[in-house]
Protein chains: 2
Amino acid sequence: MENIFTDDYFMRKALQEAETAFEKDEIPVGAVVVINDKVIARSHNLTELLHDVTAHAEMQAITSAANFLGGKYLTGCTLYVTLEPCQMCAGALYWSQVSKIVFGASDEQRGYRAMGTKLHPKTEVVHGIMAEECSDLVTSFFKKKRR
Amino acid sequence: MENIFTDDYFMRKALQEAETAFEKDEIPVGAVVVINDKVIARSHNLTELLHDVTAHAEMQAITSAANFLGGKYLTGCTLYVTLEPCQMCAGALYWSQVSKIVFGASDEQRGYRAMGTKLHPKTEVVHGIMAEECSDLVTSFFKKKRR
């Protein structure tokens, strides 16, 4: 039997979170944190609702996963997020020592790679998982906004 | 009559917050947010108590000030913080569009300047205000920890 718990599997969960953000008129970004094939945190961008620039999906996912684990480090965890993290989120991920980051769509303007933010040396990165679906959702959002 | 509301005046408030962090056995960093010479948010590092790497003084101050203002942007505000912001906090300050950042001690290792984090182009920066007092508190903390 094949393992169903692939990167696509968990990115789909993150994408569901992003869709929830879309429905709430938030920039549609979603995230989940996984340890041993188990989702321990799920979140989506809430910057508008909370009037809070720090309420990105990843920030909430880090806080929520640490609460679940009872410790501040996310060693052994993978964060799945639909869009490439920004400076702030990459900086938080640096402190968390998360083992792996998987992101969907790239953010050429504000993504951490373009901005030169450093991740923790022990953090592995995979990107491009369901990139088109993740990116399409953001594009649709801004098209809707302009209408 | 001289204006008592100098950078030293507000940095002293931030330093009081840092001392509260010290008393709680947290890395002693404190912050206040000021608008029109009025403190609208005060906070100190709570990463240990909350088991949360995102609970830096600045992050809490940004959230708290935005709550007070009822909007997510901190235009017109000055953030005073005892230690140079890290990548995460500088990234959050970037999104907040805060008008001015005043920090005390420099962080040569993990500070946003060494890490190459970008602030918002409209954000003015002043540093070195009460730097010795701010730095001494952090040094004392780590000396105590090593004992």
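Values as computed for the structure displayed
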{"quantity": "Residue order, fewest to most surrounding Cβ atoms within 10 angstrom, among B:22, B:5, B:103", "calculated": "B:5, B:22, B:103"}
{"quantity": "Whole-angstrom Cα spans of chain A along principal axes, big to small", "calculated": "43, 38, 27"}
{"quantity": "Inter-copy label distances at residue B:68 (7 Å, Cα→Cβ; nm, one decimal)", "calculated": "3.5"}
{"quantity": "Residue B:113 versus residue A:48: modelled label distance in nm, points set 7 Å from Cα along the beta carbon direction", "calculated": "3.8 nm"}
{"quantity": "Relative contact order (percent, whole number), chain A, Cα cutoff 8 Å, 6+ residue spacing", "calculated": "21 percent"}
{"quantity": "Mean ellipticity per residue at 222 nm, deg cm²/dmol - from DSSP H runs of n ≥ 4 across the protein assembly as shown, formula -39500 (n - 2.57)", "calculated": "-12500 deg cm²/dmol"}
{"quantity": "Shielding by partners, peptide A:70-76 (average Cβ within 10 angstrom, other chains)", "calculated": "2"}
{"quantity": "For residue A:102, residues with placed amide H under 5 Å, excluding near neighbours", "calculated": "A:79, A:80, A:81, A:126"}
{"quantity": "Cα-Cα over 27 Å, subset of B:100/B:144; A:38/A:143; A:122/B:118; B:13/B:143", "calculated": "B:100/B:144; A:38/A:143"}
{"quantity": "All Cα pairs of the protein assembly as shown, percent lying beyond 23 Å", "calculated": "54 percent"}
{"quantity": "Charge tally in the Cβ shell below 11 Å around residue A:32, where Lys, Arg are +1 and Asp, Glu are -1, residue A:32 excluded", "calculated": "+2"}
{"quantity": "Alpha carbon centroid spacing (whole Å) that separates region B:25-69 from region B:76-147", "calculated": "12 Å"}
{"quantity": "For residue A:122, label point 7 Å along C-beta direction: distances to other copies, nm", "calculated": "4.1"}
{"quantity": "Neighbour cut-off at most 16 other Cβ (10 Å), DSSP loop, trypsin sites (Lys or Arg not before Pro), region B:1-66", "calculated": "B:24"}
{"quantity": "Cut-off 11 Å between beta-carbons: net charge of the residues surrounding residue B:12, Lys and Arg +1, Asp and Glu -1", "calculated": "-4"}
{"quantity": "Under 16 Å from the Cα of residue A:145 - lysines, other chains or at least 8 residues apart", "calculated": "A:24"}
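None of the figures in this text is laboratory data; all of them are computed from the coordinates on show. These numbers were taken from a predicted model, which means no experiment stands behind them. Glycine also receives a Cβ, built like all others from the backbone with ideal geometry; neighbour counts cover every protein chain displayed.
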